[in-house]
Structures are given as structure tokens and as C-alpha cells.
Amino acid sequence: MKKRMLILEDGTTFTGTAFGSDEASIGQTVFTTGMTGYQETISNPSNCGQMIVMTYPLVGNYGINRDDFESIEPAMAGIVVRELSDRPSNFRSDMTLCELLKMKGIPGIEGIDTRKLTRLLREKGPLKGILTATGEEINVEEQIARASTYELPTDLVAQVSTKRPYPSPGRGERVVLIDYGMKHGILRELNKRDCDVIVVPYNTSADEIRSLFPDGIVLTNGPGNPADVDGAVETIKSLLGYAPIFGIGLGHQLLALASGARIVKLKNGHRGSNHPVKDIASGKTELTAQNHGYAVDEASLEGTDLQVTHKALNDGSIEGLVSASINAFSVQFYPEASPGPEDSNHLFDRFTALMEANNRKEQANV
């Protein structure tokens, strides 16, 4: 039983048992409220550079399977759990959570009071933290100083975006998907609708995107602050009105910035698979999966073409936008879920219908 410490920038320390990689790690400590879905959470590129605190006390009980990954290479900095189950019981299980983390070089800590830690993060917001290496003497004061002076990286999207374009062929509408840290579930839902998808890097120019003759453009989820994504806002600005646009997560925020709105940082981000969102037009409430620390500033929408379509019921923050003038809409949450309920899956149908209608309009004008 190897010991490990979680040391936070405010001086709070937790001592528990190490699992996963024996190496040290540093990142931003945040919590997620989902009761299940730890495999999808670990492999979500939006968690790049973050240490995820699982608020549900037992993690690992159904193992890891081949089908539920949201990326091939997880990019998170670490995981914190109350109790690790290293003997999973599920017919789909192919390996344990500990085995996966060892393979991917991600450290974990178990046996600490995650309720206390979550309350601390709720009070203070995300805190920079260090998961110590195993088998080393730890100078706690030095580690606190290191955590407090650590600069969070601003190139998170560059770390997780694809480095070169690739196709995911279909016989339907051509979709150019700009990868800011794409969850595989987004690609899966587009493929289900027979879309002919071309995935491109985050820094692909507007001219290159237009040269692929898309019927629609998807701006994907991704990690970090949208203001840190070099060139993204300018690229999206030049694409507004060219083809229907669907923004998801970080893509929602980038679409708002490109349309003239502002982004604000949330004290406590939305992370989990159980966040209620109200669809303003229908009046219905949908349970959604979310993972973000920033939101669109509603006051900044005045003077833009954007209209609010969805709001979070917990804090009233904006969860969806639409602009009929530029044929674009976006949501802050994950309509493909993975993990979580599939209440909002119909938004992919809305996007394909928007592309089809736009194509019919263009053909009628020829």
C-alpha cells in the first residue's frame, strides 16, 4: 500500500493511498458530480490538465471496457476518489481502473475525505494541486509553494486537438468538425446520421475549411479558457453565415465570442451527468452532461444576433444560443451525453435538418 499526498495551493493537504501511476502530477483540482461514467470522464479531452475529484464515493466497480472511451489518450492530470474498487464486477469489463491509469501514466489517490475536499472546492473554487510521487520524501511547504506559483497552461486545446485532418466517411451531408478536444461521442452521433465528416485541427484556417465545401460546421468541446485558443475566434467570425454551425461546449463559447458576446469564469463549473437545463421554447427540462468552467455573459448579448435558447436551472447561466441570421446554434452541455442521459440527442437531428434545409434553399436559388 503506497502512500500519496494531495497538496493544494491554499495549504490544505490530504494523505491517502496511491493507485495508477507512481509519478507525481500537478494540475487544477475540480469536482464532478456524476454517479457513473468515470471511464468517459477520464478520457474526456475537456479534462486536460485537471485533477478530477469524484464525489460519488465508490469508483471502479464496473471496470474499464473497450467501448466507452471518449478519446484514445486521456489527458487529465489525476483522479481523486473516496474508495477504489479494484475487483470490478461487470460482463463488459476488460481491465481495472488502476490498470488503465498505470498504462496511461495518470496518478490517483484514494482513501481521503472527498466530501471535505468537495466542500472546500465549492467554497473557494478550483484550486491548483499536486499529487505526489510514491516512495519519495515530501517537503510539504515546498510543494505548497510550487502549487501556488504554478501557471496553468494556456495551450490545452493544442495538446488534445488532432494534429492533421482525417475523414470519417458517410453519404450524407458534408460536415467539417473543428477539433478543439472532441469527444468521440460527437463523431459517433454524426456518423449515425450518415454525415460525411472531416475532422480538422483547431488551427485550420477559414480558407482551408471552405475548400472542403462543407454543408455544415461543428465546433466541438474542449478544455480551458476560450480566450486562450489562438486564432479560433477570427476563424469562426469569417465562417459565420457561410454554412450552418453547431457549437458544443467550448465551441458554444467560441461561437458567442465570435458573435460579439463575452465569457465569464464560473466560481464552480458544471461537471457531471445530472445538470438540469430548461429549453425555453418548449418549456421542457432536460437532464444533461456538462464539463465547463466558463459561461456566456448574458448581459453581453445585447446588440448581438444571438438569442438564448437554454438556461441552467441550478444557477441561471446560459446553456444554449441561436442566431437565425447566420444559421447557427450552440449548447453549453453535451447533447451526445457519454456519460449521462440522452435527453438532448435530438439536437443532432436539428443540425442535420438545418443543413438539408440550407442545401434546398441554395439549390432553389441556382
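Residues in region 16-35 that are outside any loop (DSSP other than H, G, I, E, B) and either of a type outside the set (A, V, I, L, M, F, W, C) or more than 24 Å from Ser273 (Cβ to Cβ) (or both): how many?
So the first thing to find is which residues in region 16-35 are outside any loop (DSSP other than H, G, I, E, B), and the list is 16-20, 25-32.
Remaining after also requiring either of a type outside the set (A, V, I, L, M, F, W, C) or more than 24 Å from Ser273 (Cβ to Cβ) (or both): 16-18, 20, 25-29, 32.
Adding up the residues that qualify gives 10.
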Please verify whether region 327-347 includes one or more residues that are surrounded by fewer than 22 Cβ atoms within 10 Å (Cβ to Cβ) and in a strand (DSSP E or B).
no
The residue that is farthest from Phe246 (Cα to Cα), considering only those in region 314-326 that are surrounded by fewer than 15 Cβ atoms within 10 Å (Cβ to Cβ) and not charged (D, E, K, R), is Asn314
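With respect to Ala133, is the statement that it is touching an Asp or Glu at 6+ places or on another chain (Cβ under 7 Å) and assigned by TED's automatic domain parsing to the domain that holds Ile109 true?
Working: touching an Asp or Glu at 6+ places or on another chain (Cβ under 7 Å): yes; assigned by TED's automatic domain parsing to the domain that holds Ile109: yes.
Against the criterion (touching an Asp or Glu at 6+ places or on another chain (Cβ under 7 Å) and assigned by TED's automatic domain parsing to the domain that holds Ile109), Ala133 qualifies.
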From Lys284, Lys311, Lys267, grab the single residue that is basic (Lys, Arg), surrounded by fewer than 22 Cβ atoms within 10 Å (Cβ to Cβ) and modelled with pLDDT under 95.
Lys267
Run Ala232 past the list (1) crowded, with 24+ Cβ neighbours inside 10 Å; (2) in contact with a Ser or Thr (Cβ under 9 Å, 6 or more places away or on another chain) and report the number of the one that doesn't hold.
(2)
Residues in region 351-366 that are closer than 30 Å to Lys278 by Cα and loosely packed, with under 15 Cβ neighbours inside 10 Å total 2
List, please: which pairs have Cβ atoms under 9 Å, are six or more places apart or on different chains, and start with a residue in region 339-366 that is farther than 30 Å from Gly34 by Cα and end with one that is of a type in the set (Phe, Trp, Tyr) and modelled with pLDDT of 95 or more?
Leu354/Phe246; Leu354/Phe329
Go through (1) touching an Asp or Glu at 6+ places or on another chain (Cβ under 8 Å); (2) assigned by TED's automatic domain parsing to the domain that holds Glu40 and name the single condition Ser161 misses.
(2)
Need the failing condition index for His275 against (1) surrounded by fewer than 16 Cβ atoms within 10 Å (Cβ to Cβ); (2) under 28 Å from Arg122 (Cβ atoms), just the number.
(1)
Take Asp179 and tell me if it is modelled with pLDDT of 95 or more, of a type outside the set (Gly, Ala, Ser), crowded, with 22+ Cβ neighbours inside 10 Å and closer than 26 Å to Phe69 by Cα.
yes
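Would you mention how many residues in region 55-79 are in contact with an Asp or Glu (Cβ under 8 Å, 6 or more places away or on another chain) and farther than 14 Å from Met103 by Cβ?
The qualifying residues number 7.
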Please find, among Gly185, Gly170, the residue that is within 25 Å of Glu342 (Cα to Cα), of a type in the set (Gly, Ala, Ser), touching a strand residue (DSSP E or B) at 6+ places or on another chain (Cβ under 8 Å) and in a loop (DSSP other than H, G, I, E, B).
Gly170
Just the residues that are surrounded by 16 or more Cβ atoms within 10 Å (Cβ to Cβ) and within 17 Å of the chain's Cα centre (by Cα), please, taken from region 139-158.
Leu156, Val157, Ala158
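I need the strands (runs of 3 or more DSSP E) fully contained in region 45-126, keeping only those with at least 3 residues that are crowded, with 23+ Cβ neighbours inside 10 Å and touching a Phe, Trp or Tyr at 6+ places or on another chain (Cβ under 8 Å). Full working, then the answer.
Details: elements: 50-54, 78-81, 107-110.
Qualifying strands (runs of 3 or more DSSP E): 50-54, 107-110.
The values are calculated or read from the model by the stated rules, or taken from the named source; none is laboratory data. Predicted model, so just to flag it, every value in this text is computed and none were measured. For neighbour counting, all protein chains shown are included, and Cβ atoms are generated from backbone atoms with ideal geometry for every residue, glycine included.
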